[in-house]
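Notes to accompany the following structure.
The values are calculated or read from the model by the stated rules, or taken from the named source; none is laboratory data. Everything numeric here is computed off the predicted structure, so don't read it as measured data. Using ideal geometry, Cβ is built from the backbone for each residue, glycine included, and neighbour counts are taken over all protein chains shown. Note: areas computed on protein heavy atoms with side chains; ligands, DNA, RNA excluded. Shrake-Rupley method; radii C 1.70, N 1.55, O 1.52, S 1.80 Å.
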Amino acid sequence: MKIDILTLFPGLFDSPFSESIIGKAQQRGLLKVQTHFLRDWAEGKHKITDDTPYGGGDGMVMKPEPIGRALDDLRVSSSGSPVLLMTPQGKQFRQEDAERLAGHDGLIFVCGRYEGFDERVRYLVDEEFSIGDYVLTGGEPAAMVMIDAIGRLLPGVLGCDTSAAGDSFSDGLLEYPQYTRPEDFRGWPVPDVLRSGNHAAIARWRRQEQLRRTYQRRPELLEAADLDAEDRRMLEFIRQEAGEEE
Ligand code: ADE
């Protein structure tokens with residue numbers, strides 16, 4: 001996958017994408033991340049990319065022309081790649097978006113400063129994304145988060161192609177609790193079932209704990225999750241247990 005990032009701060013991306021899993025994916029040619037300096041498309045001696053808002057008010061607004069010219073070029077060099085605008089007003093980025101976007105050959109990320117874009121920039125992009133209900137100093141950390149979540153889903157990027165399948169959210173639920181050695185850590189033991197060697201019992205326990213954890217921490221996820229009759233039976237049991245504890 002080819003990822004283009006339009007930004008005023010290309011240097012911010014050097015370290016996050018040169019190390020660890022995404023760094024290795026780039027070395028192995030599975031992913032190519034290329035930053036583009038927005039100022040290169042600005043005009044005039046001062047190469048200005050923002051300006052004061054019409055109607056008055058604090059702060060500066062990102063001008064539409066440099067972004068427009070940059071996207072004209074990037075849509076040619078990376079044709080077919082959807083253009084994604086990072087903004088706190090965008091749709092909240094979710095795992096299902098990561099899965100869908102991982103299916104493209106390329107993506108173009110547009111990062112701006114926090115005061116915002118001229119409204120007409122919105123007409124130039126395909127989708128707008130927010131990574132959460134808080135305001136960052138710019139879209140760059142949001143693009144990093146999205147690229148990390150998308151990049152790890154690309155074939156061959158994780159050590160084992162099935163390791164993303166059991167992730168939290170991949171089936172609409174949180175992940176089950178995981179344990180490794182030692183068997184007893186400060187008096188907290190590993191659940192017996194995980195050491196039983198009984199694979200059916202382990203699978204059942206994991207599903208039940210996935211449901212329990214989601215019920216306790218993110219109950220709203222259960223409404224959209226794909227649950228079968230056995231899941232519903234387990235959930236009813238978990239609800240009753242919780243009711244009795246109250
Ligand atoms: N730019 C500033 N805040 C943001 C957020 N929460 N998500 C995406 N882009 C942003």
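Straight-line reach from Lys24: which lysines have Cα under 25 Å away, leaving out those fewer than 8 places along the same chain?
Answer for Lys24, where 25 Å is the Cα cut-off: Lys2, Lys32, listed by chain and number.
Using 0.36 nm times the number of residues separating Arg100 and Thr137, minus their current alpha carbon distance, what extension gain do you get? Write down the numbers at each step before the final one.
Working: separation 37, 0.36 × 37 = 13.32 nm, distance 2.71 nm.
Result: 10.6 nm gained on full extension.
Report the charge-dipole magnitude of region 34-133 in Debye, nearest 20, computed about the Cα centre from +1 at each Lys and Arg Cβ and -1 at each Asp and Glu Cβ.
Working: 12 positive and 19 negative charges, 45 e Å.
Dipole of region 34-133, to the nearest 20 debye: 220 debye.
In whole Å, what three semi-axes, largest first, describe the equivalent ellipsoid of the chain built from its Cα gyration tensor (square root of 5 times each eigenvalue)? Numbers along the way, then the final one.
Working: eigenvalues 373, 92, 50 Å².
Rounded to whole Å, the semi-axes are 43, 21, 16.
Could you identify which residue out of Leu227, Leu84, Leu173 has the top mean-square fluctuation in a GNM of the chain using Cα springs shorter than 10 Å?
Result: Leu227 has the largest fluctuation of those listed.
Have a look at Met146, Met234, Met86 and tell me which one the Gaussian network model of the chain (Cα, springs below 10 Å) gives the largest fluctuation.
Evaluated over the chain, the most mobile residue of the options is Met234.
Rounded to the nearest 0.05, what FRET efficiency is calculated for Glu223 and Lys91 with R0 set to 22 Å and r the Cβ-Cβ distance? Please list the in-between numbers first.
On the way: r = 19 Å, r/R0 = 0.84.
Given R0 = 22 Å and the Cβ-Cβ separation, E is 0.75.
Suppose all protein chains stay in the model; what accessible area per residue would a 1.4 Å probe give for the chain, in Å²? Could you put the intermediate results ahead of the total?
Numbers: 14460 Å² over 246 residues.
Ligands and nucleic acids excluded, the result is 59 Å² per residue.
Among Arg218, Arg75, Arg195, which one shows the biggest mean-square fluctuation in a GNM of the chain, springs joining Cα atoms closer than 10 Å?
Arg195
For Tyr114 and Asp58 in one chain, what is 0.36 nm times their gap in residues minus the Cα-Cα distance, to one decimal in nm? Provide the component values of the computation, followed by the final result.
Values: separation 56, 0.36 × 56 = 20.16 nm, distance 1.22 nm.
Full extension of this stretch gives 18.9 nm more.
With charges only on Cβ, +1 for K and R and -1 for D and E, what is the dipole size of the chain about its Cα centre, in debye, rounded to 20? Don't skip to the answer; put the middle values down first.
Values: 30 positive and 43 negative charges, 141 e Å.
Computed charge dipole of the chain: roughly 680 debye.
Considering only protein heavy atoms and a 1.4 Å probe, what is the carbon-and-sulfur percentage of the accessible area of region 41-161?
Numbers: 3170 of 6290 Å².
Roughly 50 percent, rounded to a whole number.
Students often forget the sequence filter, so: which lysines lie under 16 Å Cα-Cα from Lys47 once same-chain residues fewer than 8 apart are removed?
Lys63
Give the residues of region 137-161 whose amide nitrogen is closer than 15 Å to a point set 7 Å from the Cα of Arg28 in the direction of its Cβ.
What the label zone holds, given the 15 Å backbone N cut-off, is 151-161.
Rank Gln216, Met60, Thr180 by how far each Cα sits towards the positive end of the charge dipole of the chain (+1 on Lys, Arg Cβ; -1 on Asp, Glu Cβ) and give me just the farthest.
Thr180
Classify region 123-176 as rounded, prolate or oblate, taking a ≥ b ≥ c as the square roots of the eigenvalues of its Cα gyration tensor: rounded when a/c is under 1.5, otherwise prolate if a/b is larger than b/c and oblate if not. Before the final figure, lay out each step's value.
Numbers: a/c = 2.29, a/b = 1.74, b/c = 1.31.
Since a/c reaches 1.5 and a/b is larger than b/c, the shape of region 123-176 is classed as prolate.
Using the Kirkwood radius over Cα pairs, work out the Stokes-Einstein diffusion coefficient for region 73-164 at 25 °C and 0.890 mPa s, in µm²/s as a whole number.
On the way: Rh = 13.9 Å.
Roughly 176 µm²/s, to the nearest whole number.
If you average over every viewing direction, what projected area does the convex hull of the Cα atoms of region 1-85 give, in nm²?
Working: hull surface 28.7 nm².
In nm², the orientation-averaged hull projection of region 1-85 is 7.2.
What is region 123-246 by shape, rounded, prolate or oblate, if you read a ≥ b ≥ c off the alpha carbon gyration tensor as root eigenvalues and call it rounded for a/c under 1.5, prolate for a/b larger than b/c, and oblate otherwise?
Numbers: a/c = 2.05, a/b = 1.58, b/c = 1.30.
The shape class here is prolate.
Can you give me the Cα centroid spacing of region 193-246 and region 47-112 in angstrom?
Comparing the Cα centres of region 193-246 and region 47-112, I get a distance of 40 Å.
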